[in-house]
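In what follows, a single structure is set out as structure tokens and then discussed.
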Ligand SMILES: [Zn+2]
């Protein structure tokens with residue numbers, strides 16, 4: 001499987017580390033409901049088909065990427081940088 005990093009270009013997946021489900025949202029710090037925190041920490045969907053995941057390019061630019069990957073075919077349909085420089089990287093203007 002190859003992942004096209006918006007900064008580095010196409011790279012083998014061995015350069016990346018899987019960072020988990022990219023659709024999970026952390027509860028607000030004021031949330032005290034134990035079930036909400038258990039859901040956040042432990043419960044994940046196991047979808048068949050397109051899924052949004054986080055990947056870290058640790059052997060390259062070290063950016064975090066949000067990757068849409070089909071869990072059946074491993075086809076990647078979208079990759080975008082996340083983090084403070086994501087806007088510039090995703091636009092490709094290099095500024
Ligand atoms: Zn990269």
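Readers should treat all values here as calculations from the given coordinates under stated rules, not as data from a laboratory. It should be emphasised that the depicted structure is a prediction, and the values quoted were computed from it without experimental measurement. Positions of Cβ are generated from backbone atoms using ideal geometry, with glycine treated the same way; all protein chains shown enter the neighbour counts.
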The chain - mean residue ellipticity at 222 nm from DSSP helices (-39,500 (n - 2.57) per run, n ≥ 4, rounded to 500): -4000 deg cm²/dmol
Scoring the chain by relative contact order with C-alpha pairs under 8 Å, at least six apart, yields a percentage of 27 percent
Give me the one-decimal Kirkwood hydrodynamic radius in Å for the chain, with the sum taken over alpha-carbon pairs. 14.5 Å
Where labels lie 7 Å past Cα in the beta-carbon direction, separation of residue 29 and residue 17 in nm: 2.5 nm
